[in-house]
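Engineer: First the structure, then my questions, so here it is.
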Amino acid sequence: MLFRTLFISVLCLLSVIPAPAAKSIGITRIGHAIQMGAFADVNNAERFTAKLQSKGIEAFYFRKDNGVYAVRFGDFSSKEKARVVAKRLVSDRLIDSYYIAPPNEIVFSHPKEPGWQKPQPEEVRLRHESKLHVATEETKGKPHPKTQNREKDMGVIAARTAERFVGIPYRWGGENVVDGMDCSGFVRAVYNLCGLSIPRTSRDQYKAGGAVTRNNLQDGDLLFFGSSGDNINHVGIYVGSGRFVHAPRRGEDIRVTSVDDSYFEKRFIGARRYFQ
């Protein structure tokens, strides 16, 4: 009952906020977002996220370093607008705490703790105030001299963030999810945590960003699979050492797979990079 009341209250609060103007397919920066919940059970986090998604609200869940799951939603133009919604939830005693996630926040900048299976590259440190340089048609292939190194770092951070999802039974979009939406929803959540909004579907994600050859893959690049560029049905995030992280199919845990795996090697279509 409490879960249902919380969900209804969130919908009512969001309904009073003007919807953002429609955006063309591409890459945009994420504004402020609300992070709420301390779900010990991943199923509760998934259920709440799926209900928000079914109403057209951008939401996703992830596992924090302390092992509990949090849910993020919203893309607010200011911290105050996000806080108005969050404070109302607190005043209604539906939640006891919340966090306003700022734009460009780096959630996971370090590898997982001891016991992680993958040898990690040199640790990357990135100041929270670093700004993202989003590739556009005018800037593709021409990285800004002041941000070139930082953009390379952002790709590494995206890869490390993806690794934090390994082992989570990620389900995206509720019971009526279409084929391939779990995998594209997963990579979209990872990039959201890195401050970027990328298209929803794997096909549209393939159309965005800059093309990358297989011999020049870097951490954070997206790998696309299918029968052709017009028929892409799977996507994953490259994490170095010839491996990528992906959501295989609905109900299965997110995992690490080799790019040279015979199944995926035969279906590899291409790669895209979003940090230039």
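Engineer: Tell me, yes or no, whether region 267-276 has at least one residue that is touching an Asp or Glu at 6+ places or on another chain (Cβ under 7 Å), part of a strand (DSSP E or B) and closer than 22 Å to E105 by Cα.
Structural biologist: Yes, region 267-276 contains at least one residue that is touching an Asp or Glu at 6+ places or on another chain (Cβ under 7 Å), part of a strand (DSSP E or B) and closer than 22 Å to E105 by Cα.
Engineer: Kindly provide the set of residues from region 76-94 that are at pLDDT below 90, β-branched (V, I, T) and closer than 12 Å to I34 by Cα, ordered by number.
Structural biologist: Selection gives V85 alone.
Engineer: Could you grab me the full set of residues in region 189-225 that are part of a strand (DSSP E or B) and within 26 Å of T49 (Cβ to Cβ)?
Structural biologist: Within region 189-225, L196, S197, L222, L223, F224, F225 meet the criteria.
Engineer: Here's something else I'd like to know. When R272 is evaluated against the numbered criteria (1) over 14 Å from the mean Cα position of the chain (by Cα); (2) at pLDDT below 95, which criterion, by number, is the only one it fails?
Structural biologist: So the condition that R272 fails would be (2).
Engineer: Please go through region 62-104 and pick out each residue that is outside any strand (DSSP E or B) and closer than 25 Å to D182 by Cβ.
Structural biologist: K64, D65, G67, V68
So that you can scan it fast, the table gives a plain yes or no per residue for (1) of a type outside the set (K, R); (2) at pLDDT below 95; (3) in the same structural domain as F275 (by TED's automatic domain parsing); (4) surrounded by fewer than 19 Cβ atoms within 10 Å (Cβ to Cβ):
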residue: F224; (1), (2), (3), (4): yes, no, yes, no
residue: S227; (1), (2), (3), (4): yes, yes, yes, yes
residue: H234; (1), (2), (3), (4): yes, yes, yes, no
residue: A247; (1), (2), (3), (4): yes, yes, yes, no
residue: E252; (1), (2), (3), (4): yes, yes, yes, yes
residue: F264; (1), (2), (3), (4): yes, no, yes, yes
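Engineer: Would you point out the residue of region 174-184, among those that are more than 18 Å from T257 (Cβ to Cβ) and part of a helix (DSSP H, G or I), that is modelled with the lowest pLDDT?
Structural biologist: If we take residues in region 174-184 being more than 18 Å from T257 (Cβ to Cβ) and part of a helix (DSSP H, G or I), then N176 is modelled with the lowest pLDDT.
Engineer: In the list R171, R63, which residue meets the criterion of being modelled with pLDDT of 85 or more and touching a helix residue (DSSP H, G or I) at 6+ places or on another chain (Cβ under 9 Å)?
Structural biologist: R63
Engineer: Considering region 185-239 alone, what residues qualify as being over 14 Å from the mean Cα position of the chain (by Cα) and β-branched (V, I, T)?
Structural biologist: Passing the criteria: V212, T213, I232, V239.
The values are calculated or read from the model by the stated rules, or taken from the named source; none is laboratory data. From a predicted model like this one, the values you see are computed outputs, not experimental measurements. Methodologically, a virtual Cβ is constructed for each residue, glycine included, from the backbone with ideal geometry; neighbour enumeration extends over all protein chains shown.
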